[in-house]
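None of the figures in this text is laboratory data; all of them are computed from the coordinates on show. Quick caveat: nothing in here was measured; it's all calculated off a predicted structure. Note: ideal-geometry Cβ built from the backbone for every residue, glycine included; neighbour counts use all protein chains shown.
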Amino acid sequence: STEVNQHAIYPFVHQFSNVVHREDQMRKIMVPDVLPSNLPFAQSAEFSMTAGDFIEIYGAEDEKEKWDAIVTCFFMDTAKNVLDYLDTMWNAMKPGAVWINLGPLLWHFDNVENESSIELTRDEFIELVRKVGFELDERQFRDCISVPYTANDRSMLQYTYRAFMCVARKPNSVNSDDK
């Protein structure tokens, strides 16, 4: 994109249920709302969003200690084994890097026939984060935040999660025996 509000999309055009007014269904949304090239550090910042297997891509040797920050939004619960995700993030993060997470724990493979997975409570998840070696910033922990999900704000039906947010760091110095 070269300008703000350059493209029109119609994200609700195929939603026929729970519509109050036809114009709600047919309304356009303009994107992008912010031009990424105008963001601070846009010319020097490295950003990655990749389709594919997270563990395969970011667990690779060429990703080791490459990233200053990782942001996960509605993502951690997509893991069959969340420890694999945490280990992958640990591999990819530089010492001192920050991880910001927001989302529920709707474990995607829970009760899926012929799939084995680990489903942790929020408390167990946080304990595992610490055991991996991440330092949790207690001041930035938020619990039970109401977060809309794929919502048409004008629909009669709203999906809202009571998600949690946490901010953690990979320590600046890591003893290889600790990991």
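For this structure, a couple of remarks:
- Using only side-chain charges placed at the Cβ, +1 for Lys and Arg and -1 for Asp and Glu, the dipole size of the range 1-110 relative to its Cα centre rounds to 460 debye.
- Our summary of shape: the Cα atoms of the range 6-86 have principal axis extents of 52, 36, 16 Å, ordered from largest down, in whole angstrom.
- Theoretical FRET efficiency, 1/(1+(r/R0)^6), r = Cβ-Cβ of K94 and R22, R0 45 Å, to 0.05: 0.30
- Normalised contact order of the chain, rounded percent, pairs of Cα under 8 Å and 6 or more residues apart: 20 percent
- Debye log10 I(q)/I(0) for the range 96-179, one point scatterer per Cα, at q = 0.11 Å⁻¹: -0.43
- Taking the square roots of five times each eigenvalue of the Cα gyration tensor of the chain, the equivalent ellipsoid has semi-axes of 33, 23, 16 Å, listed largest first.
- Among the chymotrypsin sites (Phe, Trp or Tyr not before Pro) in the range 43-126, those located in a DSSP loop and surrounded by at most 15 other Cβ atoms within 10 Å of their own Cβ are F47, F75, F109.
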